[in-house]
Structures are given as structure tokens and as C-alpha cells.
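Chemist: Pasting a structure below so you can have a look.
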Amino acid sequence: MGSSWAIICGAIRSKFEFDMSLNAAISLRQEGLLEGIVVSTWHDGFRKYPSLRDELVKVGIIVVSVPDIKESGAGNSYRQHRLLDAALGLCPNGSAILKMRSDKCLHLLRLFRSVLRRGLTALANDSPYTILQSRIAIISASLSLPFCHCDMVFFGQKEDLRSLIQIDLIYDWVFFPGTANAEIRWFSWPFLNHIPILRQYFEYFHCRRMSRFIIECYQEGQLEKIPDLIHDVLAANILMIFYNFEIVSEASEVLSLSVKDVFTGVDDTVLRIVPLTQTTHLVVYSDTLLGRLVGKEMRSDPSNEPLYAALERMQDNAYSRRHVKMGELHSIQRDYFADLPVGYSGDSLFRFATNIYQPNERSEVNSLLPVSNVVDESLNVDCQSDALAFIRAHCHDMSMEVICFRLAKGYEVGDWLPLDPQSRKYWLHQSAARKYRPAQTEYGRLMECEGDLNAAAEWYFRAAAMDDKEAQEALARLLRNHDITSVTQDWHHWQRLAERKNHAPA
């Protein structure tokens, strides 16, 4: 078995979170679970923190930096792939790679300790769906939005992770801003080449809207609305996950569920319908559940039949590798999805430049970096001390946005922290700025109470776009009753979305 390395990728948005994540990786190295650590970020990070590069080299970290690009949308994924590509070149061939974000991942590292101790799980070539050399360990996987797996932390063989990277072709055809998100772009490429209808699915259909459509059909028991081709895609996605990925979440034993139960989220310990911008998707946290689906071991129920039939079809080698004729795609679009757009494409992005810095001395590799202060100096000294103590105590169990929200609640209620409206507002904004939906809604409510209706509408909008019913209702009310300039949508749209949730089954 080869050595294990950590690669920390991404922008240094929060120096505090970056330092905490890096120190966690250094601790894993001290325990003997990692041989080396590579930090791969953009030049801007070192312009903002000029002493950081030397600090990293001093503690035995290999550093690689990549020029930033101005393009948004697909460009963000391009940059992530470029960062990982630059870092992989510095790791030994055959090594196992723990790929970490530069933020938001610290509380998830504990799930990978047993995987690091055990090492890679090699795959036998006994299935036409075995694409990788070893399983990639992930935290969760999506059933209704193919390849939309959690990308905060994952673990796999160097050569397999390199096969995921796309710097040009992936942006030439299917992935355009608004349909396939960064997670899909991380995990899809080798499988799209292997199963042609998956590539055709992304090329032709709007995958986010399709995910919402699939879940609604299962919730309402209207499976006749889903064409066989879409069930084939769902089946191919399940088979790809089952044979090539390993889910490392701490899930309990799976109950005997029907497929309808799966798609309506009965057992919250192993699966969940997760809101995502412009859609929802079904996330599974258990390998056992996938095994029961592939093995057709779920409880007998009519709602099993379409997906089980698709699983049977897609395990036929010739059928699974067929190319769907364009006329059939047009027919499906016309008969089932006349209101969904098709025919998108993206532009290629080409940018190759890397500056590599490697440590010359490794005498101090066991030293931890000093953790920078995340607390605003405008807060009083006692509040700074209380907040830092709470963050240090919980950063290995909760994400930073949740920690900030808990701090805001503490200062609001005055239970385990003193009542302090200023600190409550500060930490609520910190959580909302990190895209935590409950904090965005609550911060919008706070802005509304303070009379800043445009700011309130903007924060309500952010939460409403992630499917928060309370925010949708509040945004509709503001747009209906006041002259709002920060949000241009008509209030009827948000009211309809909120009302749909009021009538949805529990």
C-alpha cells in the first residue's frame, strides 16, 4: 500500500478556518496517518497574507499556487480542477490522497480517520461499472442529481483523482452555469465517457430541474410521468456509486424501505432531501441502502418496479452503452418536458501556469501554525474570548457556519453567554455570509426589524432561493407591500413556492 497525502485546495477566504484545517492535517501527519501535505491555492491568497508561504514551508508543507482567473460560473470549477491537478503532480504515484477544502471541512475529517488507517480499497474488475482502480471515499452521494456528491473532503488513489480532473473538454459541451454544479463537475467525467446516456442526459436536459421533477413525481405517486430513459439514468447513477464509491458517514442500520420511501426521505439517518439552488436532490448517507437497491432487497412495493426494471436493463452491457438517437430525445422532450430548456453549451477556458514552492528544511515539521483571530476587534474583549473558546471547543464537530449561528443564538438568549445584541448581530451575519440558510432568514428578519427593507429582502432572497419556506413567505410579503429595489422578482413567484410547501405531504 502506498503512502497517504493530504491536499488542501481552494481560496483562503477565512484565515482562521484555513489555519484550523491545516493544523488538523498536521496532527494527522504527527499520528503517522499522513506522509505529506500539499497546499494548493491562488496567488491572491499569498498577496493577502504575505508571510503565509514562509510559515507553511517552515512546518514542512509543500506549497503550490496558481494564477486566478476572472471568469465566474464554470470558471470556479476550472480553478478547483487546476489546483488539484497542480498538487497531484507533487504526490508519489500510487499514493492515497485526502483531498480537503481550505475551509468548511474540519468537522468532517473525523469520518476519514478509519479510512486513513485502513488505506485504499482496491476494486476488482468483475463489473462493467467498475471504472476506477480503488474506491473513492465520500461523505454522501446524490441519487436524483447524478454525481452531485459532497466534495468538502474525499479520499482516493492519486491516479483515480487525476481521472476526475477536467480543464478543457468538460466545459466545451455540457457544463454551463446554472445546471451542473461544482460537485457534479468533480465526480462525473470518467463515468460520462463510460456510459453514453449519462453524457447525453447532461447535454440535453437541465439536470437540476429534472431532480426536482423526479422527487415530486415520487412524492405524489405519479411515476408514469417519468420516462424510462430518466429511470435508466437514475439506475446508472446508483450502479456507478455502488461500484466505485464508499460512503463514510456514521449512518445507522437501514430500515426496509420502498423506493418511494427512499425518494421521500423516510429514514433521516441514512438519506435526506437536500435543498440546492434552483432545485432539491435526494442525498444518501449509507452504502447499505445502495446495496439493497442494487440487490433488489427492498420491500416489495409497486413503486419499486420502474427503478428495479431500469437497474435490470442497465446491467446489460450492450443496453447500458447504447447511444440514444436524437429523435428519441426530442420525443421525450416534447412528450414529457416541453417546458424545460435544452441545448446548452459552455465555453472552454485555458490557463496553465504554476509556481511551486517546496520546503528546504524539515526540522520543524511537527510545529503547528498559530491560529489567527477570527473575532472582530470591534467586539468587547470578553465576547472575543468567549467566542474563541467556543470555536476551539466545537470546530471538530460542527461546521463554521453552524458554530457562528450557535454563537448568535447564545448572545440572543443569554443562556450560556451574556445577552449582547451587537455580538448576536455580528455572529448571525458571519453565519449568513457563509451561506447557512437559517441564519440568512434570521438575519433578514433582523434587517427588517431595523428598518432596512432592501437588505432584508436581499437576505430573504438568498434563503428563499435555497428553498426556505419561511424566507419565501417573508420575501413575498416584502415585495408585495413595499417598494423594494434589491430584488426584482415578482412577489407571486415566491408566494406560489411557499404555498406549494404548505400543501406538500409531510
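Chemist: Need the failing condition index for S142 against (1) within 19 Å of the chain's Cα centre (by Cα); (2) farther than 22 Å from I238 by Cα; (3) surrounded by 20 or more Cβ atoms within 10 Å (Cβ to Cβ); (4) not aliphatic (A, V, I, L, M), just the number.
Modeler: (2)
Chemist: Could you list all residues from region 74-95 that are at pLDDT 85 or above and out of contact with any helix residue (DSSP H, G or I) (no Cβ under 8 Å at 6 or more places or on another chain)?
Modeler: Initially, region 74-95 is screened for residues at pLDDT 85 or above, giving 81-95.
Hits for region 74-95 are R82, L83, A86, A87, G89, L90.
Chemist: Is it the case, given these coordinates, that W416 is free of Cβ contacts under 8 Å to residues at least 60 places away in the same chain, under 25 Å from L475 (Cβ atoms) and out of contact with any His (no Cβ under 9 Å at 6 or more places or on another chain)?
Modeler: Details: free of Cβ contacts under 8 Å to residues at least 60 places away in the same chain: yes; under 25 Å from L475 (Cβ atoms): no; out of contact with any His (no Cβ under 9 Å at 6 or more places or on another chain): yes.
For W416, the condition - free of Cβ contacts under 8 Å to residues at least 60 places away in the same chain, under 25 Å from L475 (Cβ atoms) and out of contact with any His (no Cβ under 9 Å at 6 or more places or on another chain) - is not met.
Chemist: Scan region 373-383 and tell me whether some residue there is touching a Gly at 6+ places or on another chain (Cβ under 9 Å), among the β-branched types (V, I, T), outside any loop (DSSP other than H, G, I, E, B) and modelled with pLDDT under 90.
Modeler: Of all residues in region 373-383, those touching a Gly at 6+ places or on another chain (Cβ under 9 Å) come to none.
Checking region 373-383: not a single residue is touching a Gly at 6+ places or on another chain (Cβ under 9 Å), among the β-branched types (V, I, T), outside any loop (DSSP other than H, G, I, E, B) and modelled with pLDDT under 90.
Chemist: Now a separate question. Assess whether E220 counts as being farther than 21 Å from S320 by Cβ and either hydroxyl-bearing (S, T, Y) or at pLDDT 80 or above (or both).
Modeler: On the way: farther than 21 Å from S320 by Cβ: yes; either hydroxyl-bearing (S, T, Y) or at pLDDT 80 or above (or both): yes.
In short, yes.
Chemist: Let me ask something additional. If you check every pair at least six apart or on different chains, which have Cβ atoms under 7 Å apart with a residue in region 160-185 that is at pLDDT 75 or above first and a residue that is acidic (D, E) second?
Modeler: Sorted first by the residue in region 160-185, then by its partner, the pairs are I165/D85; A182/D151; E183/D151.
Chemist: Which of (1) surrounded by 23 or more Cβ atoms within 10 Å (Cβ to Cβ); (2) in a helix (DSSP H, G or I) does C148 not meet, given it meets every other one?
Modeler: For C148, the failing item is (2).
Chemist: While we're here: Tell me, please, whether a residue that is more than 19 Å from M152 (Cβ to Cβ), surrounded by fewer than 21 Cβ atoms within 10 Å (Cβ to Cβ) and in contact with a helix residue (DSSP H, G or I) (Cβ under 6 Å, 6 or more places away or on another chain) can be found in region 102-125.
Modeler: In the first step, residues of region 102-125 are kept if they are more than 19 Å from M152 (Cβ to Cβ); the result is 117-125.
Now narrow it down to the ones that are surrounded by fewer than 21 Cβ atoms within 10 Å (Cβ to Cβ): 117-119, 121-125.
Adding the requirement that they be in contact with a helix residue (DSSP H, G or I) (Cβ under 6 Å, 6 or more places away or on another chain) leaves none.
So far as region 102-125 goes, no, none of its residues is more than 19 Å from M152 (Cβ to Cβ), surrounded by fewer than 21 Cβ atoms within 10 Å (Cβ to Cβ) and in contact with a helix residue (DSSP H, G or I) (Cβ under 6 Å, 6 or more places away or on another chain).
Chemist: Follow-up. Scan region 465-506 for residues that are modelled with pLDDT under 85, basic (K, R) and under 17 Å from T441 (Cα atoms) and jot them down.
Modeler: K501, the sole residue that qualifies.
Chemist: Please name all residue pairs, on different chains or six or more residues apart, with Cβ atoms under 6 Å, provided the first residue is in region 420-443 and is closer than 19 Å to V274 by Cβ and the second residue is at pLDDT below 90 and aliphatic (A, V, I, L, M).
Modeler: R437/M466
Chemist: Sticking with this structure for a sec: Here is a check on your reading of the model: is R82 touching a strand residue (DSSP E or B) at 6+ places or on another chain (Cβ under 9 Å) and under 24 Å from S163 (Cβ atoms)?
Modeler: Values: touching a strand residue (DSSP E or B) at 6+ places or on another chain (Cβ under 9 Å): yes; under 24 Å from S163 (Cβ atoms): yes.
So R82 fits the description; yes.
Chemist: Could you tell me which numbered condition F350 fails, if it satisfies all but one of (1) aromatic (F, W, Y); (2) modelled with pLDDT of 75 or more; (3) within 30 Å of I7 (Cβ to Cβ)?
Modeler: Of the numbered conditions (1) aromatic (F, W, Y); (2) modelled with pLDDT of 75 or more; (3) within 30 Å of I7 (Cβ to Cβ), the odd one out for F350 is (2).
Chemist: OK, next. Under the condition of being farther than 20 Å from L22 by Cβ and surrounded by 21 or more Cβ atoms within 10 Å (Cβ to Cβ), which residue from region 381-403 is farthest from the chain's Cα centre (by Cα)?
Modeler: Going through region 381-403, the residues farther than 20 Å from L22 by Cβ turn out to be 381-387, 389-390, 402.
If we keep only those that are surrounded by 21 or more Cβ atoms within 10 Å (Cβ to Cβ) as well, we get 383, 386-387.
On the way: C383: 32, D386: 31, A387: 27 Å.
If we take residues in region 381-403 being farther than 20 Å from L22 by Cβ and surrounded by 21 or more Cβ atoms within 10 Å (Cβ to Cβ), then C383 is farthest from the chain's Cα centre (by Cα).
Chemist: When region 76-120 is examined, which residues are found to be in a loop (DSSP other than H, G, I, E, B) and farther than 26 Å from H43 by Cα? Before the answer, list the steps.
Modeler: Start the filter on region 76-120 by keeping residues that are in a loop (DSSP other than H, G, I, E, B), which leaves 89-95, 102-105, 119-120.
Once the filter is applied, which keeps residues that are in a loop (DSSP other than H, G, I, E, B) and farther than 26 Å from H43 by Cα, region 76-120 yields N93, G94, S95, G119, L120.
Chemist: Restricting the search to region 448-489, which residues are more than 17 Å from S431 (Cβ to Cβ), among the charged types (D, E, K, R) and under 30 Å from the mean Cα position of the chain (by Cα)?
Modeler: D467, K469, E473
Chemist: How many residues are in contact with a Phe, Trp or Tyr (Cβ under 6 Å, 6 or more places away or on another chain), over 25 Å from N181 (Cα atoms) and buried (at least 19 other Cβ atoms within 10 Å of the Cβ) if we restrict to region 472-498? Break it down into steps so the answer makes sense when it comes.
Modeler: Filtering region 472-498 for residues in contact with a Phe, Trp or Tyr (Cβ under 6 Å, 6 or more places away or on another chain) gives 472, 474-476, 479-480, 487.
Cutting the leftovers down to over 25 Å from N181 (Cα atoms) gives us 474-476, 479-480.
Then keep just the ones that are buried (at least 19 other Cβ atoms within 10 Å of the Cβ); that gives 474-476, 479.
Residues flagged as in contact with a Phe, Trp or Tyr (Cβ under 6 Å, 6 or more places away or on another chain), over 25 Å from N181 (Cα atoms) and buried (at least 19 other Cβ atoms within 10 Å of the Cβ) within region 472-498 amount to 4.
Chemist: Could you grab me the full set of residues in region 34-56 that are touching a residue at least 12 places away in the same chain (Cβ under 8 Å) and either among the basic types (K, R) or surrounded by fewer than 18 Cβ atoms within 10 Å (Cβ to Cβ) (or both)?
Modeler: E35, H43, D44, K48, Y49, R53, E55
Chemist: Across region 315-332, which residue is surrounded by the fewest Cβ atoms within 10 Å (Cβ to Cβ) among those that are in contact (Cβ under 8 Å) with a residue 24 or more places away in the chain and aliphatic (A, V, I, L, M)? Show your work before the answer.
Modeler: Of region 315-332, the ones in contact (Cβ under 8 Å) with a residue 24 or more places away in the chain are 315, 317, 320-324, 328-329, 332.
The next check asks that each one be aliphatic (A, V, I, L, M); those that pass are 324, 329, 332.
On the way: V324: 15, L329: 18, I332: 17.
Taking the candidates together, the pick is V324.
The values are calculated or read from the model by the stated rules, or taken from the named source; none is laboratory data. Source: prediction; values computed, not measured. We place every Cβ from the backbone using ideal geometry, glycine too, and count neighbours over all the protein chains shown.
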